[in-house]
Every structure is written in structure tokens, then in C-alpha cells.
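Engineer: If you scroll down you'll find the structure; I have some questions about it.
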Ligand SMILES: Cc1cc2nc3c(=O)[nH]c(=O)nc-3n(C[C@H](O)[C@H](O)[C@H](O)COP(=O)(O)OP(=O)(O)OC[C@H]3O[C@@H](n4cnc5c(N)ncnc54)[C@H](O)[C@@H]3O)c2cc1C
């Protein structure tokens with residue numbers, strides 16, 4: 001229950017303009033740059049430097065140019081161009097070709113057709129340079145629109161694209177069947193958003209049980225699934241299951257977030273697993289950052305400590 005309250009609290013705070021202004025002032029620069037623990041920086045250059053560092057450790061990456069919930073077509077166009085620029089820059093740098101994005105960043109709230117068109121432009125450029133693109137899953141208000149948009153581009157022939165399913169939602173199993181029938185790649189997460197009782201499990205134990213159930217189905221029936229969690233107990237169970245069923249370690253991958261459980265990232269790598277780190281960057285880092293605080297309120301202590309650190 002604490003989990004639910006904390007998610008709600010930090011989700012509410014993420015709409016605060018004052019907090020956002022304060023965080024933007026201190027979060028990313030100077031010795032008090034508390035957000036740098038979770039966000040790779042604000043520029044493409046920062047992101048590419050982070051990717052290089054992570055790759056040098058034998059880990060894989062996916063880059064997320066942060067942004068969501070745009071309210072104008074101009075902002076959606078801007079985000080689309082940033083992604084096109086990112087593809088060129090990563091291609092030139094010879095860094096790893098894997099992106100994550102959110103549809104509300106490409107205009108889902110403004111005009112669905114234009115959003116899908118923006119997505120297609122990104123997928124086409126990505127395809128030409130050998131990138132894979134993951135569509136992140138946002139709150140339940142967007143589940144249908146996200147899956148429908150994904151299906152549209154899939155039916156138009158794009159294959160370098162995958163989606164995310166959230167085990168907290170009751171509908172996850174049905175969505176799994178729908179996406180899996182296409183043969184598309186799924187990333188499984190617990191879900192980062194506060195959701196109502198009518199749509200989602202409220203108890204962590206229920207979210208976790210649903211996660212394990214779906215992860216096992218994905219390992220057996222899925223197409224190169226991504227098991228995205230920092231939950232050690234779940235990771236152990238998934239690893240045990242994969243070993244029992246003799247599922248090859250290159251038939252799936254684990255995914256973790258930048259700056260979170262770095263010990264676990266290298267431990268999984270050392271055990272011979274594929275591990276992908278989700279690397280967020282960009283100026284619009286505040287809502288992402290607040291979700292990370294909501295998942296683990298102890299992170300607030302880390303932020304406060306950074307703020308009062310000696311210069
Ligand atoms: C690669 C990746 C992509 C994701 N994409 C999406 C997406 O598209 N849509 C979506 O809704 N959610 C996404 N998420 C977030 C996800 O839904 C969860 O909110 C998040 O991963 C925390 O849940 P958990 O599985 O780690 O388990 P939890 O039970 O929350 O945590 C297990 C343990 O992990 C550690 N931990 C978890 N979170 C933090 C944190 N913020 N700071 C420090 N330690 C932490 C703690 O040790 C904790 O005890 C993604 C997560 C990952 C790893």
C-alpha cells in the first residue's frame with residue numbers, strides 16, 4: 001500500500017511547476033547535480049558518452065530522449081526531429097542502435113494520425129540505419145491508443161519496433177496474447193504509474209505474481225522478450241525457470257534503468273546474461289525523475305544529501 005501512496009504522491013508532485021523550476025536549476029549541473037544519478041545528461045553528446053561507457057562494461061543500451069505529454073503539433077514535430085537527429089548522431093558515432101520513445105511525446109494527445117505518422121518517420125530512418133525502436137507504455141489512459149498505433153505501424157510493414165506491457169494491469173495477459181500473435185518483441189515491466197483499483201492490482205504481491213506469470217509465458221512463447229525489473233527475487237525466479245527449461249541466454253534479455261542497481265547489472269552480465277540499460281537524457285527529465293523517486297522514496301534521501309553536499 002505504501003507503494004501505491006508513494007506513486008500517487010510523487011505523480012502529483014511531478015505536475016508542480018515550482019518544483020520543476022527548482023529541480024531544473026540544480027538537478028543537472030554543478031556539484032549538486034542530484035538528477036545525474038538517474039539521467040545521463042541533457043544533450044545528445046552526454047547520451048552518447050554514457051552509451052560508450054556502458055558499452056565498454058559489456059552492457060547493452062537503449063536511449064530515451066526524454067519528453068512526454070506534448071500539447072501542440074509543433075512540440076510533437078520538434079520531438080520527432082530530435083529523434084531523427086539522434087539516429088544520425090548515434091549512427092555517426094557508431095554507438096548502439098536502440099531507442100525507446102513515448103507516443104505522447106510524438107503528439108498522441110493532439111492528433112493520433114499525425115503521431116503515427118511521426119512514429120513512421122522515426123521507424124523508417126531507424127530501419128535504414130539498423131535501429132530497433134521500443135514504444136514505452138504510459139499510463140492506462142494510453143494503453144489502447146499505444147497498442148493500436150503499434151499495430152498500425154506493424155501492419156504497414158515496420159518490424160524494427162516493439163512494445164511494453166505492464167503486469168500491474170489486469171488486461172496485461174490479453175494484451176500479451178494480442179501482441180504475441182503478431183510475433184512482436186515485448187518488454188515486460190511492473191508499471192510506473194498510479195492506476196485505479198478498477199484497472200490494476202493494488203498490492204505489490206499481486207503485481208509481482210502477475211509479473212512472474214507473464215515473464216514465464218514470454219520466455220516460452222515470446223519473441224526475444226525483455227525482462228525489465230530490478231527485483232532480485234523475480235530475477236532469480238526467471239533465471240531458474242530459464243535454466244530448467246534450457247532456454248538459451250541469448251533468447252531473451254534483462255533490462256534495468258540507468259543508475260539503478262548497477263551492482264545487479266554487472267552481476268547479471270557476469271553470469272552470462274544479456275543486460276540492457278535504459279539510458280534517459282534530455283532537458284525534460286523532471287517527470288521521469290519523479291517516477292524514480294516514487295518507486296523508492298529512499299531516493300529522496302539521496303537527493304537531499306546531494307543538495308547539501310560540500311562544494
Ligand atoms: C528498462 C526499463 C524500462 C521501463 N519502461 C517502462 C515503461 O515503458 N512503462 C512503465 O510504466 N514502466 C516502465 N519501467 C518502470 C517499471 O514499470 C517499474 O516502475 C520500475 O522498474 C520499478 O519496478 P521494479 O520492477 O524494479 O520492482 P520494484 O518492486 O519496484 O523494485 C524492486 C527493487 O528494485 C530497486 N528499485 C526499483 N526502483 C528503484 C528506484 N527508482 N531507485 C532505486 N532502486 C529501485 C529496489 O532495490 C527495489 O527493492 C521500466 C523499467 C525498466 C527497468
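Engineer: Which residue fluctuates the most in the chain, going by a Gaussian network model with Cα springs under 10 Å, if the choices are 218, 182, 106?
Structural biologist: 182
Engineer: How many nm is it between the label spots at residue 216 and residue 262, if each spot is 7 Å from the Cα in line with the beta carbon?
Structural biologist: For the pair residue 216/residue 262, the computed spacing is 3.5 nm.
Engineer: Could you calculate the FRET efficiency of residue 21 with residue 151 from 1/(1 + (r/R0)^6), where r is the beta carbon distance between them and R0 is 51 Å, rounded to 0.05?
Structural biologist: That gives a FRET efficiency of 0.85.
Engineer: Counting DSSP beta bridges with both partners in the chain, what percentage is antiparallel, nearest 5?
Structural biologist: 5 percent
Engineer: Please compute the length gained on full extension between residue 250 and residue 233, using 0.36 nm multiplied by the number of residues separating them and subtracting their Cα-Cα distance.
Structural biologist: Working: separation 17, 0.36 × 17 = 6.12 nm, distance 2.11 nm.
Gain on stretching residue 250 to residue 233: 4.0 nm.
Engineer: At a Förster distance of 41 Å, what's the computed FRET efficiency of residue 198 paired with residue 224, Cβ-Cβ distance as r, to 0.05?
Structural biologist: Using R0 = 41 Å, I get an efficiency of 0.80.
Engineer: Rank by packing, highest mean first: peptides 58-68, 245-255, 35-45, with packing defined as the count of other Cβ atoms within 10 Å averaged across residues.
Structural biologist: Highest mean packing first, the order is 58-68, 35-45, 245-255.
Engineer: Follow-up. Between residue 33 and residue 74, what length comes free when the chain is fully extended (0.36 nm per residue of separation minus the Cα-Cα distance, one decimal in nm)?
Structural biologist: 11.7 nm
Engineer: A further question follows. Modelling each spin label as a point 7 Å along the Cα-to-Cβ direction, I'd like the residue 270/residue 91 distance in nm, to one decimal.
Structural biologist: 3.9 nm
Engineer: Per the helix-only calculation at 222 nm, which mean residue ellipticity applies to the chain, given -39500 (n - 2.57) for every DSSP H run of n ≥ 4 and division by its residues, nearest 500 deg cm²/dmol?
Structural biologist: Mean residue ellipticity at 222 nm (helix-derived): -16000 deg cm²/dmol.
Engineer: Related question: Using a/c under 1.5 as the rounded threshold, could you call region 91-182 rounded, prolate or oblate? The axes a ≥ b ≥ c are square roots of the C-alpha gyration tensor eigenvalues, and prolate needs a/b larger than b/c, oblate otherwise.
Structural biologist: Numbers: a/c = 1.77, a/b = 1.48, b/c = 1.20.
It is prolate, given that a/c is not under 1.5 and a/b is the larger ratio.
Engineer: Identify which of 175, 206, 236 has the largest mean-square fluctuation in a Gaussian network model of the chain, with springs joining Cα atoms closer than 10 Å.
Structural biologist: Fluctuation is largest for 236.
Engineer: Something else about it: In terms of the Cα gyration tensor, with a ≥ b ≥ c the square roots of its eigenvalues, is region 1-149 rounded because a/c is under 1.5, prolate because a/b exceeds b/c, or oblate?
Structural biologist: Oblate shape, in that a/c is at least 1.5 and b/c is the bigger or equal ratio.
Engineer: Sticking with this structure for a sec: Report the label-to-label distance for residue 45 and residue 170 in nanometres (one decimal), using points 7 Å from each Cα along the Cα→Cβ vector.
Structural biologist: Going from the residue 45 label point to the residue 170 one covers 5.2 nm.
Engineer: For the chain, just say rounded, prolate or oblate: build the C-alpha gyration tensor, square-root its eigenvalues into a ≥ b ≥ c, call rounded for a/c under 1.5, and beyond that prolate if a/b exceeds b/c, oblate if not.
Structural biologist: rounded
Engineer: Report the extension gain between residue 177 and residue 298 in nm, rounded to one decimal, defined as 0.36 nm multiplied by the number of residues separating them, less their alpha carbon distance.
Structural biologist: In short, 39.9 nm is gained.
Engineer: Still on this model: Would you list 276, 25 from fewest to most Cβ contacts within 10 Å?
Structural biologist: 25, 276
Just so you know, all these numbers are worked out from the coordinates, no wet-lab data involved. Please read all numbers here as calculations on a predicted model, not as lab measurements. Because the Cβ atoms are built from the backbone with ideal geometry, glycine has one as well, and the counts that use them run over all protein chains shown.
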